[in-house]
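Q: The following block contains the structure, expressed as structure tokens.
The values are calculated or read from the model by the stated rules, or taken from the named source; none is laboratory data. Remember, predicted model here, so these are calculated numbers, not experimental data. Positions of Cβ are backbone-derived with ideal geometry, glycine not excepted, and every protein chain shown enters the neighbour counts.
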Amino acid sequence: MPTIFIDNKPYEVKEGQNVLHAAVSHGLNLPYFCWHPALGSVGSCRQCAVQCFKDENDTQGRMVMSCMTPATEGSRFSIEHPNAKSFRADVIEWMMINHPHDCPVCDEGGECHLQDMTVMTGHNKRRYRFKKRTFKNQNLGPNIHHEMNRCITCYRCVRFYRDVAGGEDLHAFSSADNAYFGRFEDGALESEFSGNLVEVCPTGVFTDKIFRASYTRKWDLQTAPSICQQCSLGCNMSPGERLGKIRRIQNRFNPDINGYFLCDKGRFGHQWVNNTPLPTKPISEITWPLNDDKSQVIGIASPKASLEANYALRKLVGAENFYDAQPKGDYLLAERVLEILEQYPETASVEDVRQADLVLVLGEDLTKTAPMLALAIRQNLYRHWQEKADKSKIPAWDDLAVRNAEHELPDVLYMVHNAPTKLDGLVSQRMSLDFEQISDWIPRIRAAKNPVIIAGTSLKSRPLIDLSKELRALAPQAKLCYVLPEVNSMGLALLKPKSLSDLKSPGVEAISLEPSLKSDVMAKVGDFALIDAFESELSKRAAIAFGCASFAESTGTVINNEGRAQRYYSVFERENKRPESWRILRDLGGFSWQNIDELCGDMGREFPVFEPFFAKAHHADFRVHGERISRQTLVASGRTAVNTHLSMHEPTPRVDQDSPLAYSMEGYHGDMPPDLASSYWRPGWNSVQALNALSHAPSGVKLLRRRSV
Amino acid sequence: MVSLLKGLWLVFKHAFKKPVTEQYPEEKPKLAPRYRGRIVLTRDPDGAERCVACYLCSAVCPVDCIAIQATEDETGRRYPETFRINFSRCIYCGLCEEACPTEAIQLTPDFEMAEYKRENMVYEKEHLLISGPGKYPGYNFYRVAGVSIGGKDTGEGIEEEKPVDIRSLMS
Amino acid sequence: MMTFIIPICMLLGPVTIASLLVWGERRLLALFQERYGPNRLGILGIGQLPADMLKMFFKQDWIPPFADKFVFVLAPAIVMATALFSFMVVPIAPGFVVWDSDVGLLLFLALSALGAYAVVLAGWSSNNKYSLLGGLRASGQMLAYEVFMGLSVMGVAARAGSFNLTRIVESQSSCWNIVPQLIGFVIFYIAALAETHRTPFDLAEAESELVAGFHSEYSGLKFGMFFVGEYIGVTLMSAMMAVLFFGGWQGPFWSGPWWFILKTILLIMSFVLVRATFPRARYDQLILLGWKYLFPLALLNLLITGVVILW
């Protein structure tokens, strides 16, 4: 850990960090634009200038760009030096020459990096007397809004979109003062990671179009830490709610999984939470249409429902009546995957994929089944290019030279697949699904230092899964990574359900849990009760339909594809609050759990595998300085007027029984336990860039352990 | 002792002076134009709504009595879908007017807004919107902003060049 | 016949004057402060009086659950009772007195001393720290001022040679007691302010420190009794001063009860003037003034009067 001196104060920095990264991660106010922790430094915006000194006797110093200067032991810098300060002020003044007078109508306003940096450098008046340069905007599809006038040409968008995410339809056009970032013609952006442009862009050139339709400022959104429900990777995200509607989703930094980015499915696929809710009645008012003897009723579990809901169902109907709704093939594969992972529990996280020197993909089209893994592979290759360029003494910022330095692809991605995938351009060796020549690859796998073997259930192929196990047996240093169908597939598998295809007595009455059931599954059972959040085909056929809270309104645990247990917290409560599905099942079964911690206590005793997570998860009575953690920001607005058209009485905020978070602006706002932080803010940093000063990040708990034989 | 008697005499003398009280409902007070009374939403010189639903007034409001929901017309002009002020909470501090970047929200010298029902103190947008520009006649935000709206395409605003032709080599 | 009329007059008269004071004091204070005061209801705002009465009647008469209920109810009754009983011995005109007692002056002193209990009991029974503090202050204050209030009028009694108030009035036919007994009057006036806990000696209810002091917990009619009780006290003290120092019903011409009433009203107005002028005294200053200065002064006054009479 080298020590550097900034304004004569010593700071410990990480090995290999540049001065800018070191300064912002210590919470110092040093403005920058083109640097991004995941994109690296290019030194083009000239905003992060600092004065650099030879030693403590050097009073003159020289100006350097902090993002291009490695933080080496004993080096001395000054942020406050008048030279550097006036230089930075000049730079921002140039940038603002053409920046439009848009902030009141700009969606970035209030969480704009450019606003923060302008305030930080003290620029407040445009002295330039000439007209502003303007651009025509493009229609970039249903997700991204384009407002090119606001651009400050930091090039972050194309560096992310082209260099990291591998997109090809976003370009930098024209030159000099007229540089333009867009497509050749109007049209939706093709990359499935285009949504990250919203967060990567330091100002309002790319903004969230779905959010725009019901726009609210960042400070008015009620947020809670949540887990993406779209695939089995369990990316961390924070949905924002106002007035009972989910407005947008933002990335929540988790270095092990999604890092700084989210896929478009996760970021933009949230409006279903605002669908018509399935109404509910108190249990006492419902006449139970099914057999009163609950042991005669089977339970149909769901890999989309939380661990708690599935456990409550299992408790209600008993282990022998606990069935998995997935088709037989999926069910068996999940069972097999679990069996393998109990033998080889060292699963690969997304970060492991980013760092691997060999990635073997067995029959998965990752861009479709687990997009963030595809991005991880792209990031991995980009890292390889840069490492090679380093050897050729090509600086990392010279992107084109970096890519041209090595004409051949890095020997990283090996793929077994028949169909074309979006990763094809990066594959160095390929094999068809019958993998007859797999033995040719074995020496390469054995030679690799940290290879990752990715397989999955999307092709419903048992041989591929078995192949992954065999390869793992041959290469003990390899890590396995299985892509599963749903967000909680792993959690459900750990609860050991039976397959519905094995149901002995068709026509039996059933209780079915939450979404994702295909209607044909229900053909096997007779009358059934359904617990679901929204109206659907199935809810109309059910003998009785219980409306339950969706993931955004409830707290629960999901276990991702690598066996990592993570908790999502309810973001809001609807006006007509619907109980969590486990509360409905509790009432049906007459269990005594008052909150999620009591249920998890029972579950931990019955399934010790979950115990490490429940021991670490924050219980509902967790407090920081005696306070709950606030879901709203300190400046959340309109509290005394939002409901006055309905009633003059201001309701007290509801109390969350299951989590230490409060539905209110009252509560703790300071340095959060990482698992409970859902928005990033510190004084002077209102944009997502505030996360660069985070000292720690959420991790969840990896549950899988080697089964003792 | 003497000073006490002096004090008594002084106060007694005041009994013969003319009261300074203004007899309010009969004599109307003269209020300055910048008096902080009833809040209105004004229109720009073109007669369109000035408010762009930027949420700054609601954010700065110390009693949180302003609730807004933004929306857009088909040309991209942003305006408030709902703009509600709960005057039973308002403290007439004027911070909203100070925060307003478009001079839309203004306080007026009208304080006679007592009601018998609390519900009547809640003013919706149609109650707040007046038909003129209020205290600041000239300003028109959308003419100086960079966004394009109906009737003003990109580059047609005040102090704006025509849009750059990015396919040209001449720049 | 007169045995009925006189007591009824002596009951209704002070109560009427006191209730008029509810409005009158506010008008007077406003006059001294260049305001109008209540002027909306009726002629000169006199309608404020029935309005306030109605309000007082219809307010919830709340007894705090933590209070000592019997004493809580008793306290305001004592205020009214002692003050009204005292009027029994006040002569308005020759022969126009309920009980022309030979110990009239002593009876008055005794009853006004009893009035102190009301405040102490109210403060104590409310079971509230502010009330208790108010009650404690009142007891200390009244103990101190009761003593030299009695002493200050001894000169008057000595001059008249009687405690009979009619006799005292008659003794002033040549010269009002205000002239030979000026010091006695000043001391009595100050003690009267303290006895009725009027500004600057309203420490028992000092609203800026003790909410409302001893009557913090009182509402509705019980509060009204304290409120009107204070004005009855003011009326009583003014009437007593008119009798003791200003020659009662005697005037330079046309002697009669109108002189007595005029003097009483002017004295009541002086109470309001004092309230409009002086800020509240500090408690230690109040006690200091009482024991260290006024008490010896009252004794001195009695001594000199005695010497002069016996000379």
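Conditions tested, residue by residue: (1) within 14 Å of chain B (Cβ to nearest Cβ); (2) under 15 Å from the mean Cα position of the chain (by Cα); (3) at positive phi.
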site	(1), (2), (3)
C:HIS215	no, no, no
C:GLY220	no, no, yes
C:SER270	yes, yes, no
C:THR277	yes, no, no
C:TYR283	no, no, no
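Q: Here's another thing I want to ask about it. Among strands (runs of 3 or more DSSP E) lying entirely in region B:78-167, which contain 3 or more residues that are within 9 Å of chain A (Cβ to nearest Cβ) and either within 30 Å of A:PHE211 (Cα to Cα) or free of Cβ contacts under 8 Å to residues at least 12 places away in the same chain (or both)? Let's see the steps before the verdict.
A: Numbers: elements: B:78-86, B:105-107, B:160-163.
By residue number, B:78-86, B:160-163.
Q: Further question on the same structure: Kindly indicate whether any position in region A:214-227 is in a loop (DSSP other than H, G, I, E, B) and more than 27 Å from B:ALA53 (Cβ to Cβ). Before the answer, list the steps.
A: Pass one, region A:214-227, residues in a loop (DSSP other than H, G, I, E, B): A:214-217, A:221, A:224-225.
The next check asks that each one be more than 27 Å from B:ALA53 (Cβ to Cβ); those that pass are A:225.
Yes - at least one qualifying residue is present in region A:214-227.
Q: A follow-up question, please. Which members of region B:29-68 meet the condition of being within 13 Å of another protein chain (Cβ to nearest Cβ), among the β-branched types (Val, Ile, Thr) and more than 19 Å from A:GLY109 (Cβ to Cβ)?
A: Result: B:ILE39, B:VAL63.
Q: With the structure loaded, tell me whether B:THR75 is surrounded by fewer than 20 Cβ atoms within 10 Å (Cβ to Cβ) and within 14 Å of chain A (Cβ to nearest Cβ) or whether it fails that test.
A: yes
Q: Can you go through B:ASP64, B:ASP46 and tell me which one is on the phi > 0 side of the Ramachandran plot and either in a helix (DSSP H, G or I) or of a type in the set (D, E, K, R) (or both)?
A: Of the residues listed, the single one that is on the phi > 0 side of the Ramachandran plot and either in a helix (DSSP H, G or I) or of a type in the set (D, E, K, R) (or both) is B:ASP64.
Q: Residues in region A:120-127: is at least one out of contact with any Lys or Arg (no Cβ under 7 Å at 6 or more places or on another chain), modelled with pLDDT under 95 and crowded, with 21+ Cβ neighbours inside 10 Å?
A: Checking region A:120-127: not a single residue is out of contact with any Lys or Arg (no Cβ under 7 Å at 6 or more places or on another chain), modelled with pLDDT under 95 and crowded, with 21+ Cβ neighbours inside 10 Å.
Q: Still on this structure, I have one more. Does region A:23-44 contain at least one residue that is surrounded by fewer than 23 Cβ atoms within 10 Å (Cβ to Cβ), in a loop (DSSP other than H, G, I, E, B) and without any contact (Cβ under 8 Å) to a residue 40 or more places away in the chain?
A: Taking every residue of region A:23-44 in turn, none turns out to be surrounded by fewer than 23 Cβ atoms within 10 Å (Cβ to Cβ), in a loop (DSSP other than H, G, I, E, B) and without any contact (Cβ under 8 Å) to a residue 40 or more places away in the chain.
Q: Among the candidates A:CYS201, A:CYS231, which residue alone is in contact with a helix residue (DSSP H, G or I) (Cβ under 6 Å, 6 or more places away or on another chain) and surrounded by 18 or more Cβ atoms within 10 Å (Cβ to Cβ)?
A: A:CYS201
Q: Let me ask something additional. For a quick check of your reading of the model, give me the residue pairs whose first member lies in region B:9-28 and is within 9 Å of chain C (Cβ to nearest Cβ), whose second is hydroxyl-bearing (Ser, Thr, Tyr), with beta-carbon atoms closer than 6 Å and at least 6 apart or on different chains.
A: B:VAL11/C:THR277; B:PRO19/C:TYR36; B:THR21/C:TYR36
Q: Of all residues in region C:1-53 being in a helix (DSSP H, G or I) and at positive phi, which is surrounded by the fewest Cβ atoms within 10 Å (Cβ to Cβ)?
A: Filtering region C:1-53 for residues that are in a helix (DSSP H, G or I) and at positive phi, the one surrounded by the fewest Cβ atoms within 10 Å (Cβ to Cβ) comes out as C:LEU44.
Q: Report the residue count in region A:84-108 for those that are buried (at least 21 other Cβ atoms within 10 Å of the Cβ), free of Cβ contacts under 8 Å to residues at least 60 places away in the same chain, touching a helix residue (DSSP H, G or I) at 6+ places or on another chain (Cβ under 6 Å) and more than 11 Å from every other protein chain (Cβ to nearest Cβ).
A: Summing the residues that are buried (at least 21 other Cβ atoms within 10 Å of the Cβ), free of Cβ contacts under 8 Å to residues at least 60 places away in the same chain, touching a helix residue (DSSP H, G or I) at 6+ places or on another chain (Cβ under 6 Å) and more than 11 Å from every other protein chain (Cβ to nearest Cβ) in region A:84-108 gives 1.
Q: Do you know which of the residues in region A:54-73 that are of a type outside the set (Ser, Thr, Tyr) and within 37 Å of the chain's Cα centre (by Cα) is farthest from A:ASN29 (Cα to Cα)?
A: A:GLU73
Q: Also, quick follow-up: Within region A:45-73, can you find the residues that are surrounded by fewer than 23 Cβ atoms within 10 Å (Cβ to Cβ) and either β-branched (Val, Ile, Thr) or within 27 Å of A:HIS696 (Cβ to Cβ) (or both)?
A: Those that are surrounded by fewer than 23 Cβ atoms within 10 Å (Cβ to Cβ) and either β-branched (Val, Ile, Thr) or within 27 Å of A:HIS696 (Cβ to Cβ) (or both): A:THR59, A:VAL64, A:THR69, A:PRO70, A:THR72, A:GLU73.
Q: Suppose we filter A:ALA636, A:ALA620 for residues that are touching a strand residue (DSSP E or B) at 6+ places or on another chain (Cβ under 9 Å), of a type in the set (A, V, I, L, M), at pLDDT 90 or above and not in a helix (DSSP H, G or I); which single one remains?
A: A:ALA636
Q: Identify the single condition in (1) in contact (Cβ under 8 Å) with a residue 24 or more places away in the chain; (2) surrounded by fewer than 18 Cβ atoms within 10 Å (Cβ to Cβ) that C:VAL228 does not satisfy, given that it satisfies every other one.
A: Looking at each condition in turn, C:VAL228 falls short on (2).
Q: Then there's this: Using beta carbons and a limit of 6 Å, which pairs, at least six apart or on different chains, have the first residue in region A:374-390 and among the hydroxyl-bearing types (Ser, Thr, Tyr) and the second one in a helix (DSSP H, G or I) and buried (at least 22 other Cβ atoms within 10 Å of the Cβ)?
A: A:TYR382/A:VAL164
Q: Oh, and also: Residues of region C:165-213 being buried (at least 21 other Cβ atoms within 10 Å of the Cβ), among the polar types (S, T, N, Q) and over 25 Å from C:ALA18 (Cα atoms), which ones?
A: C:GLN172, C:ASN177, C:GLN181
Q: In the set A:SER664, A:SER679, A:SER695, A:SER687, which member is within 21 Å of A:GLU199 (Cβ to Cβ) and in contact with a strand residue (DSSP E or B) (Cβ under 8 Å, 6 or more places away or on another chain)?
A: Numbers: A:SER664 fails: within 21 Å of A:GLU199 (Cβ to Cβ); A:SER695 fails: in contact with a strand residue (DSSP E or B) (Cβ under 8 Å, 6 or more places away or on another chain); A:SER687 fails: in contact with a strand residue (DSSP E or B) (Cβ under 8 Å, 6 or more places away or on another chain).
Unique residue meeting the criteria: A:SER679.
Q: Further question: Could you list all residues from region A:342-371 that are surrounded by fewer than 24 Cβ atoms within 10 Å (Cβ to Cβ) and assigned to a loop (DSSP other than H, G, I, E, B)?
A: Hits for region A:342-371 are A:TYR344, A:PRO345, A:GLU346, A:ASP357, A:ASP365.
Q: Which ones in region B:2-27 are surrounded by 10 or more Cβ atoms within 10 Å (Cβ to Cβ) and part of a loop (DSSP other than H, G, I, E, B)?
A: Once the filter is applied, which keeps residues that are surrounded by 10 or more Cβ atoms within 10 Å (Cβ to Cβ) and part of a loop (DSSP other than H, G, I, E, B), region B:2-27 yields B:ALA15, B:LYS17, B:PRO19, B:THR21, B:GLU22, B:GLN23.
Q: Continuing with the same structure: Quick one: A:PHE614 ticks every box in (1) farther than 24 Å from A:PRO579 by Cα; (2) among the aromatic types (Phe, Trp, Tyr); (3) not in a loop (DSSP other than H, G, I, E, B) bar one, so which box is it?
A: (1)
Q: If C:SER162 meets every condition in (1) at pLDDT below 85; (2) part of a loop (DSSP other than H, G, I, E, B) apart from one, which number is that one?
A: Unmet condition: (1).
Q: While we're looking at this one, here's another question. If I filter region A:547-568 for residues that are over 20 Å from A:GLN229 (Cα atoms), part of a loop (DSSP other than H, G, I, E, B) and among the aliphatic types (A, V, I, L, M), do I get at least one hit?
A: no
Q: Hey, could you check region C:258-307 for residues that are of a type in the set (Lys, Arg) and in a loop (DSSP other than H, G, I, E, B) and say which is farthest from C:LEU193 (Cα to Cα)?
A: Here is the first cut: in region C:258-307, the ones of a type in the set (Lys, Arg) are C:263, C:275, C:280, C:282, C:292.
Filter once more, so that each one left must be in a loop (DSSP other than H, G, I, E, B): C:280, C:282.
Numbers: C:ARG280: 12, C:ARG282: 15 Å.
Residue satisfying both the conditions and the ranking: C:ARG282.
Q: Here is a list: C:ALA77, C:ALA81. Which entry is of a type in the set (A, V, I, L, M), loosely packed, with under 14 Cβ neighbours inside 10 Å and either away from chain B (no Cβ under 14 Å) or closer than 29 Å to C:ILE6 by Cβ (or both)? Outline the logic, then answer.
A: On the way: C:ALA81 fails: loosely packed, with under 14 Cβ neighbours inside 10 Å.
Of the residues listed, the single one that is of a type in the set (A, V, I, L, M), loosely packed, with under 14 Cβ neighbours inside 10 Å and either away from chain B (no Cβ under 14 Å) or closer than 29 Å to C:ILE6 by Cβ (or both) is C:ALA77.
Q: Now a separate question. Return the total of residues in region A:625-666 being small (Gly, Ala, Ser), within 25 Å of A:THR555 (Cβ to Cβ) and either more than 10 Å from chain B (Cβ to nearest Cβ) or touching a Lys or Arg at 6+ places or on another chain (Cβ under 8 Å) (or both). Quick ask: steps written out before the conclusion?
A: Going residue by residue through region A:625-666, those that are small (Gly, Ala, Ser) are A:626, A:630, A:636-638, A:641, A:647, A:659, A:662, A:664.
With the extra rule that they be within 25 Å of A:THR555 (Cβ to Cβ), the set shrinks to A:626, A:630, A:636, A:659, A:662, A:664.
Filter once more, so that each one left must be either more than 10 Å from chain B (Cβ to nearest Cβ) or touching a Lys or Arg at 6+ places or on another chain (Cβ under 8 Å) (or both): A:626, A:630, A:659, A:662, A:664.
Here the count works out to 5.
Q: Looking at (1) surrounded by fewer than 19 Cβ atoms within 10 Å (Cβ to Cβ); (2) out of contact with any Gly (no Cβ under 9 Å at 6 or more places or on another chain), can you tell me which one B:PRO45 breaks?
A: Status for B:PRO45: all satisfied but (2).
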